[in-house]
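The values are calculated or read from the model by the stated rules, or taken from the named source; none is laboratory data. All values derive from a computational prediction rather than experimental measurement. Please note: Cβ atoms are built from the backbone with ideal geometry, for glycine as well, and neighbour counts cover all protein chains shown. Heads up: the accessible areas ignore ligands, DNA and RNA and are worked out on the full protein's heavy atoms, side chains in. Shrake-Rupley method; radii C 1.70, N 1.55, O 1.52, S 1.80 Å.
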Amino acid sequence: LEEAGYKPKGIPIEALGNSLIHLDPELILIDLPLREDPIRCLREIFQIKRTTPVVLLIEKEDFNRAGDAFRYGASDLLVKPVEPQLLIMIIHRTLEKDRLLQENEELRKAIHLYHACQRIVTQLEPEDVFISHIVYLEIYY
C-alpha cells in the first residue's frame, strides 16, 4: 500500500473502536480473521465513523456473510488471498466513489441554497432590490 502512495496505519481488531476515536481515516480496510463477525466490526466502526468507507478482507469460508456485510454498509469485500494490484484498485475506486459522493452532497447543498435565494429575491419588490457597486480607488503618495 505504501508503494501505491497510501499511508496505512495498523490497528489490532480488538482495539478498533478505541483507536478510531483518535483517527480520521479516509478509508478503513479490515483484514478479518476466520469466523470473525463482520457485522460486529461494521457496527463498531459506524458508531464512531459513520461515513468512512469500509473494505473487508475475508476468508473464503466466511463468504456466506458477504451479503450481510454489504447490507450493513461495507463498501466492498474481497476474499483472501488478494492480489496486491486488485486491492490497490479497489481502494482507489472506493476512495474515488466516496470523494464523488461528498462532492455530490456539497453540490446539492449549493443548489438548495441557490433556490432558497431565488425564492427570497422573487418576493422582493423591484424598488427594494439594491445593486451594490464596488469602487476601486488607487491612492498615490
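Placing +1 at every Lys and Arg Cβ and -1 at every Asp and Glu Cβ, with all other atoms neutral, what dipole size does the stretch 1-65 have around its Cα centre, in debye to the nearest 20?
For this selection, approximately 260 debye.
I need the peptides 92-103, 69-80, 32-43 ranked by packing, meaning the mean over residues of other C-beta atoms within 10 angstrom, with the highest value on top.
Working: 92-103: 12.8, 69-80: 17.1, 32-43: 14.9.
Ranked from most to least packed, the peptides come out as 69-80, 32-43, 92-103.
Return the percentage of antiparallel bridges among DSSP beta bridges fully within the stretch 20-108, rounded to the nearest 5 %.
Working: 0 of 8 bridges.
Antiparallel bridges make up about 0 percent of those DSSP assigns within the stretch 20-108.
Only Lys, Arg, Asp and Glu count, each charged at its Cβ (+1, +1, -1, -1), so figure out the dipole size of the chain about its Cα centre, rounded to 20 debye. It would help to have the intermediate numbers written out before the result.
On the way: 17 positive and 24 negative charges, 86 e Å.
That gives a dipole near 420 debye.
Any idea what angle helix 38-48 forms with the longest principal axis of the chain, computed on alpha-carbon atoms, 0 to 90 degrees, nearest 10?
For helix 38-48, the angle is close to 30 degrees.
Gain in length, E106 to Q123, computed as 0.36 nm per residue apart minus the alpha-carbon separation, to one decimal in nm?
Taking E106 through Q123 to full extension adds about 3.5 nm, to one decimal.
Among 46-54, 59-67, how do they line up from the highest to the lowest mean number of other beta-carbon atoms within 10 Å?
46-54, 59-67
GNM on the chain, C-alpha springs below 10 Å: top fluctuator among I45, I13, I58?
Fluctuation is largest for I13.
What accessible area, in Å² to the nearest ten, does a 1.4 Å probe give for D24?
Only protein atoms counted, so the area is about 130 Å².
Cα to Cα, under 15 Å, and not fewer than 8 places away if on the same chain: which aspartates and glutamates meet these conditions relative to K97?
Straight-distance partners of K97: E26, D76, E105, E106.
Among all the lysines, which ones have a C-alpha under 18 Å from K80's C-alpha, if same-chain residues fewer than 8 places away are not counted?
Counting by Cα, and skipping residues close in sequence, K80 has these lysines nearby: K60.
Could you state the angle between the C-alpha long axis of helix 84-123 and the longest principal axis of the C-alpha atoms of the chain, as a value from 0 to 90 degrees rounded to the nearest 10?
In the chain, helix 84-123 runs at an angle near 30 degrees to the longest axis.
Counting Lys +1, Arg +1, Asp -1, Glu -1, what net charge surrounds D62 among other residues with beta carbon under 11 Å of its beta carbon?
Net charge in that neighbourhood comes out at -1.
Using a 1.4 angstrom probe, figure out how much accessible area the stretch 1-107 has per residue, in square angstrom, rounded to the nearest whole.
Working: 7200 Å² over 107 residues.
Normalised by residue count, the accessible surface of the stretch 1-107 is 67 Å².
Please work out which option in (i) 225; (ii) 114; (iii) 142 gives volume of the Cα convex hull per residue in Å³ calculated from these coordinates, and answer with its label.
Entry (i).
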